[in-house]
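For reference, the structure discussed in these notes is given below.
The values are calculated or read from the model by the stated rules, or taken from the named source; none is laboratory data. Nothing here was measured: the structure is a model prediction, and the numbers come from that model. Cβ: placed from backbone, ideal geometry, glycine included. Neighbour counts: every protein chain shown.
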Amino acid sequence: MNKIKFFLILFILFLQSVVFAEFQLPVRNYAKPAQEVYLDTLGAISASGFKVIEIQSKNGLVYFSSQDMKYLAKVFSANSASTLKITPISSNYKDEILPINVIFNKLDRKYNAKPNTHTNL
């Protein structure tokens with residue numbers, strides 16, 4: 001009976017590690033200048049029908065909302081490339097990841113990269 005419990009515990013730990021491994025952080029790197037990625041991000045937010053709440057172009061920040069959920073998009077420069085990070089204000093990545101993927105998909109298509117099709121967390 002102890003062996004069955006042991007294997008059951010190992011199986012549960014394996015499943016949890018697989019789910020954790022599939023989680024993708026809402027961060028993308030682009031081989032474009034930060035200013036271009038910032039403007040394209042702002043355009044993708046607007047084109048997706050999300051409401052822009054506040055723009056801080058000097059800091060590379062865009063606060064926006066989708067229905068009752070609020071998000072923060074931040075673009076920062078890394079050498080000649082740029083990084084875009086979009087996070088829900090509530091830090092609830094499980095329920096609020098779809099609008100983030102919509103924006104990343106628009107930018108990926110614009111920059112000819114493979115769009116992210118992983119939306120099931």
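Based on what the data block shows, is LEU15 at pLDDT 90 or above and either closer than 24 Å to ASN101 by Cβ or touching a Phe, Trp or Tyr at 6+ places or on another chain (Cβ under 7 Å) (or both)? It is false that LEU15 is at pLDDT 90 or above and either closer than 24 Å to ASN101 by Cβ or touching a Phe, Trp or Tyr at 6+ places or on another chain (Cβ under 7 Å) (or both). For region 51-92, a residue qualifies if it is on the phi > 0 side of the Ramachandran plot and either assigned to a strand (DSSP E or B) or in contact with a helix residue (DSSP H, G or I) (Cβ under 7 Å, 6 or more places away or on another chain) (or both), and exactly one does: GLY60. Restricting ALA21, ALA47 to those that are among the small types (Gly, Ala, Ser) and at pLDDT below 90 reduces the list to ALA21.
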